[in-house]
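The values are calculated or read from the model by the stated rules, or taken from the named source; none is laboratory data. Only a predicted model underlies this, so the values are computations on that prediction, with no experimental measurement involved. Every residue, glycine as well, gets a Cβ built from its backbone with ideal geometry; the counts of neighbours run over all protein chains shown.
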Amino acid sequence: MGEAIAFYTLAALILGFGILVITARNTVHSVLFLVVNFLFVAALYVLLGAQFLAVIQVLVYAGGIVVLYLFVVMLVNLKRPPEVHRDRHRRSRLAFVLACVLLAEMGAIALWGYAAPRAPAAAATPVSASQNVEQVGWLLYTTYLVPFEVASMLLLAAMVGAIILARREL
């Protein structure tokens, strides 16, 4: 009964702070609400017995990704007026083609994941923390390798985009 109350309380807080992230007028406040949201997600992982994922959630998301967001928010001047002239160097058609290729790749990954044969699900048994880390490692580098690599490529693209937006000479 206590676990159910804790779960629903954390779920309500996660949803509430998620709504605050998208409705906050100040961008810095939105990022700070995102940090709190990530911390509550880590608390939910602890409640579910996945302590390793909770630590990774705090270190990677609440620590690294949000710091990257804050740097982007601070570097990009959001109060400047929009550009009036059209950039000659902008490659709209190339961007459209690359977006279509990315959409086709994601569709192929989803289709491959749906059509792949599934092993029968084993009964859930409690595992120790060292086995939990080992299982996460095996799943991350075998079953979920392609989504893991796609996420890393998306983060790389976001970082390159932030650098390009921050530099005025380009």
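Which residues, counting only those in segment 71-101, are among the aliphatic types (A, V, I, L, M) and modelled with pLDDT under 75?
72, 73, 74, 75, 76, 78, 84
Collect the residues in segment 34-68 that are part of a loop (DSSP other than H, G, I, E, B) and buried (at least 17 other Cβ atoms within 10 Å of the Cβ), keeping them in residue-number order.
Of everything in segment 34-68, just one residue is part of a loop (DSSP other than H, G, I, E, B) and buried (at least 17 other Cβ atoms within 10 Å of the Cβ), namely 50.
Would you say residue 154 is among the hydrophobic types (A, V, I, L, M, F, W, C), at pLDDT below 75 and in a helix (DSSP H, G or I)? So residue 154 does not fit the description; no.
Annotation: of all residues in segment 1-29 being more than 22 Å from the chain's Cα centre (by Cα) and in contact (Cβ under 8 Å) with a residue 24 or more places away in the chain, the one that is farthest from residue 74 (Cα to Cα) is 3.
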